[in-house]
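Every number in this text was worked out from the coordinates using simple rules, so none of it is lab data. Everything numeric in this text was worked out from a predicted model, so none of it was measured. In this analysis, Cβ positions are derived from the backbone assuming ideal geometry, glycine residues included, and neighbour counts consider all displayed protein chains.
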Amino acid sequence: MLKFSQYAAFSILGNLEMNKLVIANWKMNGDLNKVNSDLSFYANHIATNKANVVLALPYLYIVWAKHILLNNSFIRIAAQDLSHYRDCGAYTGKINGSMLKDAGVNYVLVGHSERRSLLGENGQILVDKLINAFDNNLVPILCVGESITNRDAGNYLEYIETQLSGLMQIAEIKEMIIAYEPCWAIGTGKVPTLSEIQEVADFIHSYMQKNFPYAKIAVLYGGSVTSQNAHEILAIANVNGVLVGGASLKTADFTAICENV
């Protein structure tokens, strides 16, 4: 029986100066027909050494996607979430880090704003999810970002620092990804200015360098990323990639983002 976790992890943090990260978050979208058609298209059309491409798919499609992309060395799969329960047991409907690793997943989203707002995920729950990821050699993609209220009040950096503060409970961080997604930009078509994005990216890098000086850290921007604005966002200093939502559901748009980094 094929065991995907036997394959070596694809390190997307080893050469950030040369390769940008382009991570697609399909959210709760798609079906088997779309997975087949889109991933078959990507397998034939995304073959670039300019970007490291990761697709965050619904749980049900992860193993199927791994089969489709088995011979493609440019695309890897992420999960959109994992349980804060680390051990297997009586947790109906939950999926832990070891299960994701066994399915061939190497990256996992943690703390997306939709889960924070709709499901109330914050604080210790997110810390436990991060520990679950690290314990299973998964690279977490921690999502942080302020509301429009925080932005207008001018305390957005303090708010983001609060979201990062849970990391201080973790003894060691070797590598992780932090995605800056201002809540007011997600799915709205509104995008911060380039200087606003750079300010937050610089802040996150500075915070992580101060507290985890030996960790490999990538900072992404997410929130209404399109094929029209991705190139200039990716040119910002200290922005190592993009987290793409709606545009990742359109093969032409997502391919354009990947190939024009």
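Below are the figures for this structure:
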| quantity | calculated |
| --- | --- |
| Net dipole in debye of the chain [+1 Lys, Arg Cβ; -1 Asp, Glu Cβ; about Cα centre; nearest 20] | 660 debye |
| R0 of 35 Å, Cβ-Cβ distance A43-A153: FRET efficiency to nearest 0.05 | 0.15 |
| Expected 222 nm ellipticity per residue - DSSP helices of 4 or more, -39500 (n - 2.57), all of the chain, to 500 | -10500 deg cm²/dmol |
| DSSP loop GluC sites (Glu not before Pro) with at most 11 other Cβ within 10 Å: longest gap in the chain | 18-171 |
| Neighbour net charge for M28 - beta-carbon separation under 12 angstrom, K R +1, D E -1 | -1 |
| Relative frequency of Cα-Cα separations exceeding 15 Å in the range 141-197, percent | 54 percent |
| Gap separating the Cα centres of the range 216-261 and the range 31-94, nearest whole Å | 18 Å |
| Among M176, G187, I233 the positive-end extreme of the charge dipole of the range 18-259 (Cβ point charges) | M176 |
| Principal semi-axes in Å for the range 55-206 [√(5λ), Cα gyration tensor, largest first] | 28, 18, 15 |
| Area projected by the alpha carbon convex hull of the range 49-143, averaged over all directions, nm² | 6.6 nm² |
| Rg [Å, one decimal], Dmax [Å, integer] - the chain, C-alpha atoms | 17.2, 56 |
| Cβ-based charge dipole, the chain, positive-most Cα from V54, V22, L109 | V54 |
| Magnitude of the charge dipole, the range 167-248, Cβ model with Lys/Arg +1 and Asp/Glu -1, debye to 20 | 120 debye |
| Of the chymotrypsin sites (Phe, Trp or Tyr not before Pro) in the range 194-259, those whose Cβ has at most 13 other Cβ within 10 Å and which sit in DSSP loop | Y214 |
| Pairwise label distance in nanometres, K190 with K210, each label 7 Å out on the Cα-Cβ vector | 2.8 nm |
